Amino acid sequence: MHKLITLGISFCLMCCSVSFSYAQQERTSSDAIAEAVQVSFNLNQPDKIYALTSPIFQKKMTGEQFALGMRKFHGKVGDWTSSVFKEQNEKGFNYLAVFENSRQVFSLSLDRQGKIDRLNFTAAPIVIADKTYQVPSNNPLKDALDLAVERAVRPYIQKGNTSGLVLAVMNKGTVRKYSYGSSDRKTRQLPDAEKTIFEIGSVTKTFNTLMLAQEVVAGKMKLNDPINLYLPDAIPPLQFQGRPITLQDLANHTSGLPRLPANIFNGKVDPKDPYKHYTPDSLFSFLKNYHPVVMPGTVFSYSNYGAGVLGTILERKLQLSFEQLILSKICKPLAMEHTSVTLNAYALAQGYNETGEATAPWDLASLKGSGAIRSTLNDMVKYTRAQMEMTGPLAKAITLSHEPTFKGKDQSMGLGWRISQYGRYTYYHHSGGTGGFRSFVGFDPQRQLGIVILSNAAEDVTVMGEGFLK
């Protein structure tokens, strides 16, 4: 019996030793692959990382798709500075990966041949405590609207990563404005409705499409014009089964063009200003080699690149820069005196990223039509009232931009504007965001109700904005 027990113990110890040895081998292999991935990532060589993946992984994603995703990720987080093993679970091994601008959990698992069958990055949890002091505001808290604004804004502005916010409510000819927090944490001054400038991000797209609508109303362009009419001759016909991509397709995000082009993160990219390097030559280079894979006009697929192409087309057609266009065609007629693309460093609010760190302004280069405009609350009120009241010098173009051009299961579009229903009411809206700013503009012409929200923090304000329209 004693010998049997001894043999049993020896067998168990041997099994445990083999199991431990195999686990050690797995960990060693995983560590080596993780290091190789980090090296290739920093050299901007996604193809070398893709070569380490398994056939099963490659069936799920092409090399081109993988490269685009990795370059986009690199552009956002910067170089990979260090990795520390975190844990092993049933899915593989997790590492805490530290980048220039982010901390990520890097998850990795290998097949029996040592090839990657799972590779994933997720933002490492960051707990940012809410502010312990009452963030100041100019809200008098005297009536129902004041209290409604306070209920909506207070939870947002007390978050640890936010800084300042300005908000305007337009209702049947009246305008109420509110300021919360600070335009710069160093000065702790309330944002000024007239003077403080914010990046409005993708709300720029509605300026872009309004300028297109002006050209259509003037008979100088047509919504169904193929975009090739306005592009360099070297770009082949952009069409699918004979159906060309049109100006309208660019304006309502049904062109089939990608959200961002595959060459957007080629070369060395500054993650703090990720689009500055993207020249018109880069924009046209992508189009030269692009082959549409979906029928234009049939599927909504949001495209910053498509908006950039539209802005570039308008520049080429009218022989003016994007900034000159918005100043002459929109800002001057609407008396918007503090709206531009050019940076006014003195008046621009300091932007803060998702973790509450100060971040630099963005330069959208050839993608200006997707999000380059900077403006104040007062100017955006003028813009929104013009949209809502549909009177004045831009009335015909504004009316055209509100007409539905696409109705899908989950999304309806005008020209640039998203169209949503709330009961029997229809409202138009768009949100925006850059590295350190968020924005929302929405309005209902029938109820003569409008809302503008501008924030100098990368914390979304869309739900807050739509809440005022429902």
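State whether one or more residues within region 339-346 are assigned to a strand (DSSP E or B), in contact with a strand residue (DSSP E or B) (Cβ under 8 Å, 6 or more places away or on another chain), at pLDDT 95 or above and of a type in the set (S, T, N, Q).
Yes - at least one qualifying residue is present in region 339-346.
As an exercise: evaluate ARG112 against (1) under 27 Å from HIS74 (Cβ atoms); (2) assigned by TED's automatic domain parsing to the domain that holds ILE49; (3) not β-branched (Val, Ile, Thr) and give the number of the one condition it does not meet.
(1)
For (1) assigned to a strand (DSSP E or B); (2) of a type in the set (D, E, K, R); (3) out of contact with any Ser or Thr (no Cβ under 7 Å at 6 or more places or on another chain), each residue gets a yes or a no:
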| site | (1), (2), (3) |
| --- | --- |
| GLY160 | no, no, yes |
| VAL175 | yes, no, yes |
| SER183 | no, no, no |
| PRO191 | no, no, no |
| LYS222 | no, yes, yes |
| ASP233 | no, yes, yes |
| PRO258 | no, no, no |
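Against the definition (touching a Ser or Thr at 6+ places or on another chain (Cβ under 6 Å), within 17 Å of SER370 (Cα to Cα), crowded, with 16+ Cβ neighbours inside 10 Å and not hydrophobic (A, V, I, L, M, F, W, C)), how does GLY308 come out, yes or no?
yes
Quick one: which strands (runs of 3 or more DSSP E) sit completely within region 68-146 and have at least 3 residues that are closer than 30 Å to TYR156 by Cβ?
92-99, 103-110, 116-123
Residue pairs, Cβ under 6 Å, 6 or more apart or interchain, first in region 313-340 and closer than 25 Å to ASP233 by Cβ, second surrounded by fewer than 17 Cβ atoms within 10 Å (Cβ to Cβ). List them.
none
Given ALA307, ALA335, which one is closer than 29 Å to THR384 by Cβ, of a type in the set (A, V, I, L, M, F, W, C) and not in a helix (DSSP H, G or I)?
Among ALA307, ALA335, only ALA335 is closer than 29 Å to THR384 by Cβ, of a type in the set (A, V, I, L, M, F, W, C) and not in a helix (DSSP H, G or I).
So that you can scan it fast, the table gives a plain yes or no per residue for (1) under 28 Å from ASN44 (Cβ atoms); (2) out of contact with any Leu (no Cβ under 6 Å at 6 or more places or on another chain); (3) exposed (fewer than 15 other Cβ atoms within 10 Å of the Cβ):
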position: ASP249; (1), (2), (3): no, yes, no
position: ASN252; (1), (2), (3): no, yes, no
position: PRO261; (1), (2), (3): yes, yes, no
position: ASN266; (1), (2), (3): yes, yes, no
position: ASP281; (1), (2), (3): yes, yes, yes
position: ASN289; (1), (2), (3): yes, yes, yes
position: GLY297; (1), (2), (3): no, yes, no
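Please go through region 370-401 and pick out each residue that is closer than 19 Å to ILE419 by Cα and surrounded by fewer than 19 Cβ atoms within 10 Å (Cβ to Cβ).
Residues satisfying the conditions are GLU389, MET390, ALA395, LYS396, THR399.
The values are calculated or read from the model by the stated rules, or taken from the named source; none is laboratory data. Please read all numbers here as calculations on a predicted model, not as lab measurements. Neighbour counts run over all protein chains shown; Cβ positions are idealised from the backbone, glycine included.
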